[in-house]
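Visitor: I have a structure I would like to understand better, so I am pasting it below and will then ask my questions one at a time.
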Amino acid sequence: MNEEIEVYGDDDGIMLLGDSEDIRQALAELQISEEHTTDISKAAILKTAHRATKMFSKAQDRSGRWVKLTKESAQKARKHGLLRNNSTGNFMGVIGKGGKGGIKGNVQFEKIAGGFNPAKVANVEMLMLTMALEQAMKEMTDYLKQIDAKVDQVLRQQKNAELAKFLSVAGLVSEAENELSHIGSLSDATWDQLSNSAQTVNEVQQYSLLQLKDIAEKITSSVNDTRTTKDALVKARSGIGDWLAVAADCLRMRDRIDMLKVQRFIDTDINPDLLSKHRFVIADNRRARYHSITDATAKLQQAIKQAVQGKDDTMRVILLPMDAPVVIREGNEIASSLARFDKALGLEYKTPHFSEKQWNQAMGEVGQSIANSTEQLMQQTRSTLGEGAKQIGNVANEAGNQIKKAFGNFPKLR
């Protein structure tokens, strides 16, 4: 490694600035695959916004890579001693040049290559925010394509004038993005049109979360009756998918608006300290939005678990052979859809799989229980009843054979 690598980080990602070859070595030391990083020169905002390109020109003079912060990469950042800026709460530090063990822990930020510069830090932090926004929008777009979401249809079916406004916001945002890509800046008129759009999106998001909360409560209230649970889950499955899609599109729309907002702040040429504060507010509000949604999905996951647990027990499967299996299957389908959504949010959620007990299997367990009880009875009475015990065994075996013929296979009595 010939030169020092500047390392910046926040709650969303880590950025490395320096010589391209040195960055490759630094990524290797951090055990981060280069294919999992993004070249900052390909950031969308640098392709569309003229002032942003000028603003980030110093960062562009050096190669840069951004990597989304995962649980694993966050641990690596802490391991290698990156410091936190007291005013912003973000990570910073350097990867030193020369020799093994190039990571320098507890390094004063003022000593990095190029020196400490509030404007530079503010610019880099804002660039990191745009990279995180871009990545999140891509992931939400991929998710909506994967589930073939029909958000506009879902909203129109509600016959709610406020929800219908969301569709007009989508049009305004697309027009603003088109203006930015062709002109490199947003006009005051365009921004005025967008001024209330975030509130509209928030209202639709809150409505979708209320729908998911209502579904979770209905599932929870059904847990004491298998047939009611079955009906609740069958009805809930499509509704959950629809409202998760609406919530996902709301998150994506707010990120698109935030990206335009970043451009607006850059165009006003505000001072570095105020720029950093704006970045902090945008990031903090995003975390709050994501938390409100993950809180709703967590309640749904818990409701599904409570509804499905115990529905595959032996007697329920035997007595309700048409209902109990449906509960398990519907529970698995909903759990899978929630897991896909959480994955799109960048969360690590392992899809639970509830086992579906077959009717023959349940009958086999009943038969085995009878066999065990008969064997135990024979052992207890053999010493005193002698030949009579054999008769008991023969009677039990005959009873078992009759059950077997009527209900299915289970282990033969001894």
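Visitor: Do the conditions hold for residue 312, that is, is it in contact with a Phe, Trp or Tyr (Cβ under 9 Å, 6 or more places away or on another chain), charged (D, E, K, R), modelled with pLDDT under 90 and not in a helix (DSSP H, G or I)?
Guide: Details: in contact with a Phe, Trp or Tyr (Cβ under 9 Å, 6 or more places away or on another chain): yes; charged (D, E, K, R): yes; modelled with pLDDT under 90: yes; not in a helix (DSSP H, G or I): yes.
When the stated conditions are applied, residue 312 passes them.
Visitor: Name the residue, out of 120, 145, 165, 138, that is assigned to a helix (DSSP H, G or I), at pLDDT 80 or above, among the basic types (Lys, Arg) and over 22 Å from the mean Cα position of the chain (by Cα).
Guide: Unique residue meeting the criteria: 165.
Visitor: Let me ask something else about it. Looking for whichever is free of Cβ contacts under 8 Å to residues at least 60 places away in the same chain and either buried (at least 20 other Cβ atoms within 10 Å of the Cβ) or part of a helix (DSSP H, G or I) (or both) here; the options are 275, 210. Which one fits?
Guide: Among 275, 210, only 210 is free of Cβ contacts under 8 Å to residues at least 60 places away in the same chain and either buried (at least 20 other Cβ atoms within 10 Å of the Cβ) or part of a helix (DSSP H, G or I) (or both).
Visitor: Mind telling me which of the residues 307, 288 ends up being in a helix (DSSP H, G or I), in the same structural domain as residue 330 (by TED's automatic domain parsing) and surrounded by 18 or more Cβ atoms within 10 Å (Cβ to Cβ)? Let's see the steps before the verdict.
Guide: Details: 288 fails: surrounded by 18 or more Cβ atoms within 10 Å (Cβ to Cβ).
Being in a helix (DSSP H, G or I), in the same structural domain as residue 330 (by TED's automatic domain parsing) and surrounded by 18 or more Cβ atoms within 10 Å (Cβ to Cβ) holds for just one of 307, 288, which is 307.
Visitor: So, one more: Please give the number of the condition residue 65 fails out of (1) assigned to a strand (DSSP E or B); (2) modelled with pLDDT under 75; (3) within 26 Å of the chain's Cα centre (by Cα).
Guide: All conditions pass for residue 65, except number (2).
Visitor: Here's something else I'd like to know. If residue 17 satisfies every condition in (1) surrounded by 16 or more Cβ atoms within 10 Å (Cβ to Cβ); (2) at pLDDT below 75; (3) under 30 Å from residue 183 (Cβ atoms) but one, which is the exception?
Guide: It fails just one condition, (2).
The values are calculated or read from the model by the stated rules, or taken from the named source; none is laboratory data. Predicted model only: the values in this text are computed from it and were never measured. Note that we place each Cβ from the backbone using ideal geometry, even for glycine, and neighbour counts take in every protein chain shown.
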